Amino acid sequence: MDIRELRNCLGRFATGVTVVTCNDGGHCHGLTANSFTSVSLDPPLVLVSIDRETKAFDKLKDNRFIVNILSADQQETAMHFAGKTCEELPFEWNETEYGHRIKGSLAYVECEPWAEYDGGDHVLFLGKVVNFDYQDGEPLGFYSGKFSKIVQE
């Protein structure tokens, strides 16, 4: 199977863009992820799929985490956490008892660790939602390997 072509095929599924953050040893870590989904409302569970090769991967194990759902004007923030770091941060932090949230995100979901599952070259982290909030705005989309707009009709 041609892995690149499989990736191109799966890229035809449009998603939103998130930054998953967690604290470890007094430091905040984060990564950009578009593999995020709601799993259950009772109990309230969400899932993020994280590549084992990312720098922040080990920090998530058995740790609280926050899913920051990005708005259309936060593309630079997404790139920062995807490894294209900026000298001057393109965002501001809001610190909470669960970690650091990205100010201005469309939504955030604060989670306690619930379960982890092997997903091949990824690990599926389930988090129990303990706090959340959201606001109106335009979401940052991702389609076919590029940022895109999500049009609401």
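Tabulated values for the structure
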{"item": "Likely footprinting exposure, 95, 138, fewest C-beta neighbours within 10 Å first", "result": "95, 138"}
{"item": "The chain: relative contact order as a whole-number percent, Cα under 8 Å and 6+ apart", "result": "28"}
{"item": "Cross-link reach list, lysines versus residue 59, counting only Cα pairs under 29 Å and skipping chain neighbours closer than eight places", "result": "84, 103, 128, 146"}
{"item": "All-pairs alpha carbon distance profile, the chain, 10 Å steps from 0, percent", "result": "11, 41, 37, 10, 0"}
{"item": "Packing-based exposure ordering (other Cβ within 10 Å, fewest first) of 142, 147, 65", "result": "147, 142, 65"}
{"item": "Global size of segment 113-153 as Cα Rg and Dmax, reported in angstrom", "result": "15.3, 38"}
{"item": "Among 1-14, 30-43, the order from most to least packed when residues are scored by Cβ within 10 Å on average", "result": "30-43, 1-14"}
{"item": "By average C-beta atoms within 10 angstrom, highest first, the peptides 84-92, 126-134", "result": "126-134, 84-92"}
{"item": "Whole-number D in µm² s⁻¹ for segment 23-109, Kirkwood Cα-pair radius fed into Stokes-Einstein, 10 °C, 1.306 mPa s", "result": "115"}
{"item": "Derived scalar couplings ³J(HN,Hα) [segment 112-117; Karplus, 6.51 cos²θ - 1.76 cosθ + 1.60; whole Hz; x for Gly, Pro]", "result": "9, x, 10, 7, 10, 9"}
{"item": "The chain: calculated mean residue ellipticity at 222 nm from DSSP helix runs of at least 4, using -39500 (n - 2.57)", "result": "-3000 deg cm²/dmol"}
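Bear in mind that the values in this text are calculations on the coordinates, not laboratory data. Every value quoted in this text rests on a predicted model; they were computed, and no experiment measured them. Don't worry about glycine lacking a Cβ; one is built from the backbone with ideal geometry, like all the others, and counts go over all protein chains shown.
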